[in-house]
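The numbers here are math on the coordinates, done by the rules we state, and not lab data. As the structure is a prediction and not an experimental result, all values here were calculated from the model. Backbone-built Cβ (ideal geometry, glycine too); neighbour counts: all protein chains shown.
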Amino acid sequence: AQSVTQLDSQVPVFEEAPVELRCNYSSSVSVYLFWYVQYPNQGLQLLLKYLSGSTLVESINGFEAEFNKSQTSFHLRKPSVHISDTAEYFCAVSPYSGSARQLTFGSGTQLTVLP
Amino acid sequence: DAGITQSPRYKITETGRQVTLMCHQTWSHSYMFWYRQDLGHGLRLIYYSAAADITDKGEVPDGYVVSRSKTENFPLTLESATRSQTSVYFCASRQGNQETQYFGPGTRLLVL
């Protein structure tokens, strides 16, 4: 079984400041790692994912996340946030093996960007 | 439009009533999933389906029933709604050989 912990439920930050959203996971098997973003009253959209290879993965809108196997972490960062980044962010994992490869989600982090 | 759709988007019902939430995808993805989203819990898996006529329980299946007679549809039924089933319900789909799930816009359900 897998579990995901998002350490901060709410993160307020001023526009153009850097931000880090923390995610730690626990699993007895190898996993894929994901960050999803949910804008108000919308469904979840994939932001970025780590499958294999380089431990640093980037999204098209400036977010990046680094897989740290020894610390079982997958923290999300952005060097300069915009008002439009205000949303809820979910970290998730799914196992490599097994046909269903079910996603296990963290409880989410609400990022609020202030002017 | 192509993609994954859910209906209704909003539903108010009363305790004890039967409610069916619909999910439709146009990608012919083999896997489909139902999640509920509650404050402080993130998303929790209710049921999933690997193909037509193949379904299995997730983390929180009690009080829910699913069926999948066609690949593109995956309805979720609350046989006798309870207040604890007030939530936002998301449907998702995934192609069998891929890792990424794609989510619908959600259904907000209020049980009075």
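Structure notes:
- Within the stretch A:94-115, the set of residues being within 11 Å of chain B (Cβ to nearest Cβ) and under 17 Å from the mean Cα position of the chain (by Cα) comprises A:Ser94, A:Pro95, A:Gln102, A:Leu103, A:Thr104, A:Phe105, A:Gly106, A:Ser107, A:Gly108, A:Thr109, A:Gln110.
- Put simply, of A:Glu16, A:Glu20 the only residue that is over 23 Å from B:Gly106 (Cβ atoms), charged (D, E, K, R) and assigned to a loop (DSSP other than H, G, I, E, B) is A:Glu16.
- Condition met for B:Leu76 (under 23 Å from B:Tyr10 (Cα atoms), surrounded by 18 or more Cβ atoms within 10 Å (Cβ to Cβ) and in contact (Cβ under 8 Å) with a residue 12 or more places away in the chain): yes
- On inspection, B:Val60 passes the criterion of being among the hydrophobic types (A, V, I, L, M, F, W, C) and either assigned to a loop (DSSP other than H, G, I, E, B) or more than 29 Å from A:Leu47 (Cβ to Cβ) (or both).
- Taking residues in the stretch B:82-109 that are without any contact (Cβ under 8 Å) to a residue 24 or more places away in the chain, and partners anywhere that are part of a strand (DSSP E or B), the pairs with Cβ atoms closer than 7 Å and at least 6 places apart or on different chains are B:Glu99/A:Tyr32; B:Glu99/A:Lys49; B:Glu99/A:Ser94; B:Thr100/A:Leu46; B:Thr100/A:Lys49; B:Thr100/B:Arg94.
- Looking only at the stretch B:63-112, and only at residues there that are part of a loop (DSSP other than H, G, I, E, B) and among the β-branched types (Val, Ile, Thr), the one that is nearest to B:Ala50 (Cα to Cα): B:Thr71
- Within the stretch A:38-64, restricting attention to residues that are part of a strand (DSSP E or B) and touching an Asp or Glu at 6+ places or on another chain (Cβ under 8 Å), the residue that is farthest from B:Arg108 (Cα to Cα) is A:Leu56.
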